[in-house]
Amino acid sequence: MGSGIAHTFAQYHFPVFLYDSNTQALDAALQKITTNIERQIAKGSIPLSDKQTILGNITPTTDIKSAAKNCVLVVEAVPENIEIKQNVFKLIDAVCPEETILASNTSSISITQLASFTDRPDKVIGMHFMNPVPIMPLVEVISGMLTSKATTESIVEMSKAIGKTPVCTADFPGFISNRILMPMINEAIYALQEGVAGIAEIDQIMKLGMAHPMGPLQLADYIGLDVCLHIMEVLHTGFGNSKYAPCPLLVKMVHAGFLGQKTKKGFYDWTTPKNLIANDIIR
Ligand SMILES: NC(=O)c1ccc[n+]([C@@H]2O[C@H](COP(=O)([O-])OP(=O)(O)OC[C@H]3O[C@@H](n4cnc5c(N)ncnc54)[C@H](O)[C@@H]3O)[C@@H](O)[C@H]2O)c1
């Protein structure tokens with residue numbers, strides 16, 4: 001997500017520092033950005049000359065301190081883990097100028113809680129991009145309990161300035177996008193677990209019948225089954241309602257290391273170019 005966010009800001013002429021604690025991840029991110037730019041050029045959505053412009057606007061770094069000096073906005077996209085996010089929010093709060101807005105791309109963690117790790121809760125906000133970032137038009141803008149109106153307005157304007165459509169929500173578990181999407185995915189996994197239909201049938205019904213561009217099980221693989229499980233746990237704990245209990249099959253697949261596209265195996269087998277359906281591996 002971090003590479004997609006950097007790509008998008010750079011495409012709209014903002015100079016970006018792409019910070020990661022892992023140099024290999026930085027190399028992989030730059031490779032991914034280059035591939036995605038080439039894809040955009042091949043599709044005719046951007047001119048060839050944009051390649052150098054976008055890449056020229058991105059400075060990869062592992063030195064957060066010097067990168068942070070002149071930043072007006074930080075968009076955090078570290079893994080969906082509260083301890084990691086807490087450490088990163090404390091760090092960026094310490095090194096950024098006091099007027100810098102600290103946004104999080106979290107899918108589900110409370111913005112109010114992230115703000116509590118800083119001395120600037122009025123300048124902490126959710127800026128939830130969708131995957132793949134350069135293509136998806138939405139930014140879900142989540143105001144925490146202490147986020148100021150000025151911060152929300154800045155992020156709304158900033159989202160428009162990078163070609164996105166901002167939509168504002170309050171800070172409750174899963175916000176809007178994942179509060180609605182994840183229970184649907186979880187229910188699809190329950191239907192699979194109960195043998196109501198197979199993977200292909202479930203996805204086909206939702207694609208052909210509901211005009212979804214991809215079925216819920218394919219989408220779960222694409223998002224990452226660990227991410228899906230984590231969001232269901234946040235909804236379950238946050239609302240204290242059993243209707244959000246993660247499906248046991250989802251839990252089992254995560255324990256088995258079947259995390260979807262990123263581990264090449266999930267509901268689908270991503271090692272083959274055709275994404276052959278792997279009903280057999282989950283039983
Ligand atoms: N994957 C999705 O479809 C999606 C969609 C919307 C939002 N999100 C959210 O975006 C965030 C990132 O998700 P992702 O799928 O890109 O995760 P990821 O694991 O692919 O990438 C996280 C990156 O953070 C780096 N990192 C880890 N610890 C760090 C630290 N302490 N300091 C600096 N960098 C560190 C890792 O090296 C890695 O490159 C999560 O909060 C997730 O919920 C994900």
query: How do the helices (runs of 4 or more DSSP H) wholly within region 65-178 filter down when requiring 1 or more residues that are charged (D, E, K, R) and closer than 24 Å to ALA29 by Cβ: which remain?
result: 82-95
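Within region 130-155, how many residues turn out to be buried (at least 20 other Cβ atoms within 10 Å of the Cβ) and under 16 Å from GLN40 (Cβ atoms)? Please lay out each step first, then the result.
Just the residues of region 130-155 that are buried (at least 20 other Cβ atoms within 10 Å of the Cβ), to begin with: 133-134, 139-144, 147, 151, 155.
Going one step further and asking which of them are under 16 Å from GLN40 (Cβ atoms), we end up with 133-134.
Total meeting the criteria: 2.
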query: (1) part of a helix (DSSP H, G or I); (2) loosely packed, with under 14 Cβ neighbours inside 10 Å: which one isn't true of VAL196, the others all being true?
result: (1)
query: Regarding GLY44, is this residue more than 16 Å from the ligand (Cβ to nearest atom) and out of contact with any Pro (no Cβ under 9 Å at 6 or more places or on another chain)?
result: yes
- line: Taking region 18-31 and keeping only residues that are open to solvent by 100 Å² or more (accessible area, probe 1.4 Å), within 10 Å of the ligand (Cβ to nearest atom) and under 26 Å from ASN70 (Cβ atoms), one is left with SER21
statement: Exactly one of LEU192, LEU217 is under 20 Å from GLY257 (Cβ atoms), of a type in the set (A, V, I, L, M) and touching an Asp or Glu at 6+ places or on another chain (Cβ under 6 Å), and that residue is LEU217
- line: Scanning region 60-80 for residues that are out of contact with any Phe, Trp or Tyr (no Cβ under 9 Å at 6 or more places or on another chain) and near the ligand (Cβ under 8 Å from one of its atoms) gives VAL78, PRO79, GLU80
message: Taking the criterion of being more than 18 Å from HIS7 (Cα to Cα), aliphatic (A, V, I, L, M) and open to solvent by 30 Å² or more (accessible area, probe 1.4 Å), would at least one residue in region 113-128 satisfy it?
response: no
query: Can you name the residue in region 84-110 that is touching a residue at least 60 places away in the same chain (Cβ under 8 Å) and within 12 Å of the ligand (Cβ to nearest atom) and, of all such residues, is surrounded by the most Cβ atoms within 10 Å (Cβ to Cβ)?
result: SER107
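The values are calculated or read from the model by the stated rules, or taken from the named source; none is laboratory data. On a predicted model such as this, the values are computed, not experimentally measured, just so you know. FYI the Cβ positions are ideal-geometry reconstructions off the backbone, even for glycines, and counts take in every protein chain you see. The area values use the complete protein model at the heavy-atom level, side chains included, leaving out ligands, DNA and RNA. Shrake-Rupley method; radii C 1.70, N 1.55, O 1.52, S 1.80 Å.
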